[in-house]
Amino acid sequence: MKRRIATLAAVGIAALALTGCGGASPTGTSTGKNASDKLVVWNWGDADAAAKAYTKDVTAVFKKAHPNVDVEIVNQPFDQYYTLLGSAVEAGTGPDVALFNGGTQLKSRANLLVPVTDELAALKDKLAGWPAFQTDGQTYSAPMFLQGFPIYYNKALFTKAGLDASNPPKTWDELKAACSAILAKTDASCFALGNKEGLGIEFFLSGFGSGVFTPQEYDDWISGKRDWKSPHAMQILQMWADSAKDGWYNKGANSTAMFNDSFDIFSGGKAAMVIGLMSGTAHWKQFDEFLGKNLGFMMPVTVNDGTTLGLPAEGGIGYGILNKDKKDLGVDWIKATVDHDALAAYSLAGGQITSDTTIKLDTKITSANEIVAELPGSKPLLHTALGADTLDLLHRLGQQLLSGSVTVKDAVAQLAASEG
């Protein structure tokens, strides 16, 4: 029996609310006869054998440089990860180094992290995805993998619905027509959606945004010049509400967990499409295990004329240093996580699209190669540019819009107020 998709929160998108992160300076939890002989590392664990092998490889690379330093890896549950990390930091018992999602989750905690701009400068041209780990002119981590939101589809369900499985929708109108056909001619939902945590709106915003905003609007959004009351920002929220009203999603989407229940719906052939991920989990390799030749990939659809479509992708995860007294060790740990051989092995075994531009993805899975071909024109993720408070509000409003308990106008007013 093929395994269920494993939970791995290498998800630039799985941004949980910022809670409990006080301003206290972390001290680490190193113990023993000499605190400098230990590096305490927090992450959210290894989902499978490939991930465990990667962690082992990283540790081995680090130990070559520091054979007398013990590495204590503490696996925390992801659904409580940032809450636990914040509480530990506030209590002065935080780790020396911790894993972060790129974008909001790291940037909102930059005041707690040790800058490593100069120390990682030599890697600048080798790795892609840096902006997700940079803020106010400083770099706080190195991207290990690239993360983004491809739209995957089930070719068999497209065919059953009378659609051309080799020619997926390219415009919003074509997508609406495809969903109508799927709902009418199959027993599947159009899209698989898990919105119990409110994360669905993140996927929708970043997944479809490059087909809505003009290039200038997109750049302004990423740089912080956002206008929630603009016609195109309101349009995205209206599209989200309308798609729910039109019955695109599986029943009970607001009570369905995204990881992994919604992705199991897609991999099990009960939904024709899903906005998934590029690396970590819910990606091309895991879906291929279930769908094989029926797995397809499609780009964001054009919604408005004048848009410049790009695959939404950026740096996914990376380690940040919380203990300034362990900066040198922390820098070497970060460098070990982007070791060429370690990343190359994990890319092949685990289905990761790595940040190392010298590593070529060696796979016959068509969707993966199509994703890689679109990376040169990729665009940053829209939701990771948001502040933690706004992102938390967006989660709640996304659930309310899905259920019809708030209007787009009211949601826009709240989001605009949240960003001043």
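Listed by first and then second residue, the pairs linking a residue in the range 247-259 that is more than 22 Å from Ile182 (Cα to Cα) to a residue that is open to solvent by 30 Å² or more (accessible area, probe 1.4 Å), with Cβ atoms under 6 Å apart and 6 or more places separating them unless they lie on different chains, are Ser255/Lys196; Ala257/Lys196; Phe259/Thr7. Regarding Ser210, is this residue open to solvent by 30 Å² or more (accessible area, probe 1.4 Å), of a type in the set (Ser, Thr, Tyr) and under 30 Å from Thr358 (Cα atoms)? Answer is no for this residue.
Pairing each residue of the range 274-291 that is modelled with pLDDT of 95 or more and part of a loop (DSSP other than H, G, I, E, B) with any residue that is charged (D, E, K, R) and surrounded by 24 or more Cβ atoms within 10 Å (Cβ to Cβ), provided the two are 6+ apart or on different chains, yields no C-beta distance under 9 Å. You will find that of Leu343, Leu381, Leu361, the residue that is part of a helix (DSSP H, G or I), on the phi < 0 side of the Ramachandran plot and of a type outside the set (Val, Ile, Thr) is Leu343 and no other. Name, by its number, the condition in (1) touching a Ser or Thr at 6+ places or on another chain (Cβ under 6 Å); (2) in a loop (DSSP other than H, G, I, E, B) that does not hold for Asp118. Single failed check for Asp118: (1). Between Ser347, Ser367, Ser403, Ser378, the distinction of being at pLDDT 95 or above, crowded, with 17+ Cβ neighbours inside 10 Å and among the small types (Gly, Ala, Ser) belongs to Ser367 only. Figure legend. Inter-residue proximity from the range 140-153: first residues in contact (Cβ under 8 Å) with a residue 60 or more places away in the chain, second residues among the aromatic types (Phe, Trp, Tyr) and open to solvent by 10 Å² or more (accessible area, probe 1.4 Å), beta-carbon distance below 7 Å, spacing 6+ or different chains. Indicated pairs: Ser141/Tyr319; Pro143/Trp130; Pro150/Phe297; Tyr152/Phe297. Would you please name the residue that is nearest to Gly318 (Cα to Cα), looking only at residues in the range 42-65 that are more than 21 Å from the chain's Cα centre (by Cα) and open to solvent by less than 40 Å² (accessible area, probe 1.4 Å)? Checking each candidate, the answer is Val58.
The values are calculated or read from the model by the stated rules, or taken from the named source; none is laboratory data. None of these values were measured; they are calculated from a predicted model. Virtual Cβ from ideal backbone geometry, glycine too; neighbours counted across all protein chains shown. To get the accessible areas, we keep the full protein, side chains included, count just its heavy atoms, and leave off ligands, DNA and RNA. Shrake-Rupley method; radii C 1.70, N 1.55, O 1.52, S 1.80 Å.
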